[in-house]
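A quick write-up on the structure given underneath.
Values quoted throughout were computed directly from the atomic coordinates according to the rules given, and no laboratory measurement underlies them. Treat the numbers as computed from the prediction; the structure is a model and nothing was measured. Ideal geometry is used to build each Cβ from the backbone, glycine not excepted, and the neighbour counts take in all protein chains shown.
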Amino acid sequence: MIHQEHHSLKNREMHVHYIPPAHDTVKTQNDTVNDTVFSLIKQNHKITAAEISERLNISLSTAKRRMKALKDKGIVERTGSDKTGYWKIIEQ
C-alpha cells in the first residue's frame, strides 16, 4: 500500500497446483547406483567401501550409504569384520 492511501487489494489468494513428475529421477539414479554397487559386490565378495567409491567415482560416504541400503533391504549381509570380512549375497 502506498502511504496514507486506501486501495482495495485484489487477487489476494494465490493458487498453486502441483503436479508430481511422472518419473522420480532421484529414485532411478539411486536404484542404478545400488544396482551397480550390488554388481561390484557380486564380482568381488571382499570389496570395500573405499574400492567401490573409487571404481564408481562417488564419495566414500555415498558408497557406505548404498551398501547400507543393500544390507537394510536384506539383499546382502556382512560376514566378519569390516577389515577382514566378506559380503554374503542373500538375494539374487
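Table for the structure above
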{"quantity": "Extension gain from residue 36 to residue 88, taking 0.36 nm per residue of separation minus the Cα-Cα distance", "calculated": "17.1 nm"}
{"quantity": "Separation of the residue 68 and residue 45 label points, Cα + 7 Å toward Cβ, nm", "calculated": "2.6 nm"}
{"quantity": "Cα principal axis extents for segment 29-86, largest first, Å", "calculated": "30, 23, 20"}
{"quantity": "Contour excess over end-to-end distance, with Cα ends at residue 59 and residue 81 and 0.36 nm allotted per residue", "calculated": "5.7 nm"}
